[in-house]
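A short reminder: the numbers here are calculations on the coordinates, not readings from a lab. Quantities reported herein were computed from a predicted structural model and do not represent experimental measurements. Cβ: placed from backbone, ideal geometry, glycine included. Neighbour counts: every protein chain shown.
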Amino acid sequence: MRKLTYYIACSLDGFIGDPAGDGSAMVSFVDEEFFEFLKSEYPETLPTQGRRALGVDDLENKRFDTIIQGRGSYEVALKEGVTSPYAHLREYVASRTLKESPDPHVEIIADDLVGKVRELKAEEGEFGIYLCGGSQLAGELLDEIDELVIKSYPIVYGSGMPMFGSGSAVTEFTLDDVRTFKNGAVVRTYSRKR
């Protein structure tokens, strides 16, 4: 069975963005050391346009071959005119309001999100599924998440968008790995306690 991994950036106080969901303040912490880590350990999480701009479009997938993101996360790319932000992956967008996909490479999941995720997890393959966000989507899929990869940056928002939307039940995970960086970032990996 393939794993669903919620790979997310957050502030020290657990927010993935400000109250409007903007997490761009965390981008400034991606220095050379951290970028090398991302490139070598999680290359498929770098958006296609960014990979091209940085000259690393030839990176091979190491962990994921599929991405699921929420409408809000997808909207960030759409505002820039990018209809397939992760063209190097099979792309799904969970949305009850986006009726038609603006790109043939992107499939919209309008209903039975959990059923679709279970179907994807049941597929054969060595690669997992990257849950990109956002908060509400992660909350809806909490019972399906097998792994958390949390990139914590040394910034405090004070208030904002939490990692999981409201209504989540207490769920335990086991710490598997911690990696620290000179810029103050910490990457923690957890597996679901079953």
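Here are a few things to note about the model shown:
- Spin-label proximity, K62 to the range 21-43 - amide N less than 19 Å from point 7 Å beyond Cα toward beta carbon: 30-43
- Rotationally averaged projected area of the chain (alpha carbon convex hull; nm²): 10.8
- Length gained on full extension, E126 to K99: 6.6 nm, using 0.36 nm per residue less the C-alpha separation.
- Efficiency of FRET between D13 and T83 - r from beta-carbon atoms, R0 25 angstrom, step 0.05: 0.15
- Each helix, a run of at least 4 DSSP H residues, gives -39500 (n - 2.57); summed and divided by the residues of the chain, these come to -5500 deg cm²/dmol at 222 nm.
- Cα centre as origin, Lys/Arg/Asp/Glu Cβ charges: the range 4-192 dipole, Debye: 360
- Other residues within the sphere of radius under 15 Å centred on the Cβ of S135, judged by their own Cβ, net out at -4 (K and R +1, D and E -1).
- A crude spin-label estimate for the pair T171 and A20, with each label 7 Å from Cα along the Cβ direction, gives 2.9 nm.
- Extension gain from V27 to E119, taking 0.36 nm per residue of separation minus the Cα-Cα distance: 29.8 nm
- Descending by average beta-carbon neighbour count within 10 Å, the peptides 39-51, 104-116 line up as 39-51, 104-116, the highest first.
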